[in-house]
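Beneath this line is the structure, given in structure tokens, with notes to follow.
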Amino acid sequence: MLLKPITILLLFSLLSANCSNLLVFMGFEVNKKYIATELCENRDKPEMHCNGKCYLMKKLKQAQDKEQKQERQSQKTQIQDALIVKPQVFKQYSLAVIKFHIPFSTGIPQSIKNSIFHPPKEVN
């Protein structure tokens, strides 16, 4: 019941982190008229035909700088994680492998070790 909203929220947060430029551009397109009339640096100079593009460029640069800062931070933590080395003790185990062969006469598996090393038989 609670799994679906959490899944949607996590999916949206992952997509928004990777598509920050797209979200800035979409926000600009939605609020284009307001940005051109209220937030544009060149709103007093209509001959420049800026129409809020200066504001868009500033926001895109801020988003790019923020993304680069986050990337540098994540690289820093990855390097720190790679440099912190805990001493590991590696133990080498050797396993004695016992091979079995089945003689044609009896059909019962016997260890090779036991079949080779046996006392001689007495002949009477």
Being open to solvent by 90 Å² or more (accessible area, probe 1.4 Å), among the aliphatic types (A, V, I, L, M) and part of a helix (DSSP H, G or I) is the filter here, so list the residues in the range 1-55 that pass it.
-> 3, 8, 9, 10, 11, 14, 15, 22, 26, 30, 48
State which residue is nearest to residue 27 (Cα to Cα) when the search covers only the range 47-76 and only residues that are polar (S, T, N, Q) and out of contact with any helix residue (DSSP H, G or I) (no Cβ under 9 Å at 6 or more places or on another chain).
-> 68
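Return the residues of the range 1-25 that are more than 22 Å from residue 70 (Cα to Cα), modelled with pLDDT of 85 or more and not polar (S, T, N, Q); say none if nothing qualifies. Show your work before the answer.
Of the residues in the range 1-25, the ones more than 22 Å from residue 70 (Cα to Cα) are 1-8.
Cutting the leftovers down to modelled with pLDDT of 85 or more gives us 3-8.
Those that are more than 22 Å from residue 70 (Cα to Cα), modelled with pLDDT of 85 or more and not polar (S, T, N, Q): 3, 4, 5, 6, 8.
The values are calculated or read from the model by the stated rules, or taken from the named source; none is laboratory data. If you're wondering where the values come from, they're calculated on a predicted model, not measured in any experiment. Note: ideal-geometry Cβ built from the backbone for every residue, glycine included; neighbour counts use all protein chains shown. Just the protein is used for accessible areas: all its heavy atoms, side chains included, with ligands, DNA and RNA removed. Shrake-Rupley method; radii C 1.70, N 1.55, O 1.52, S 1.80 Å.
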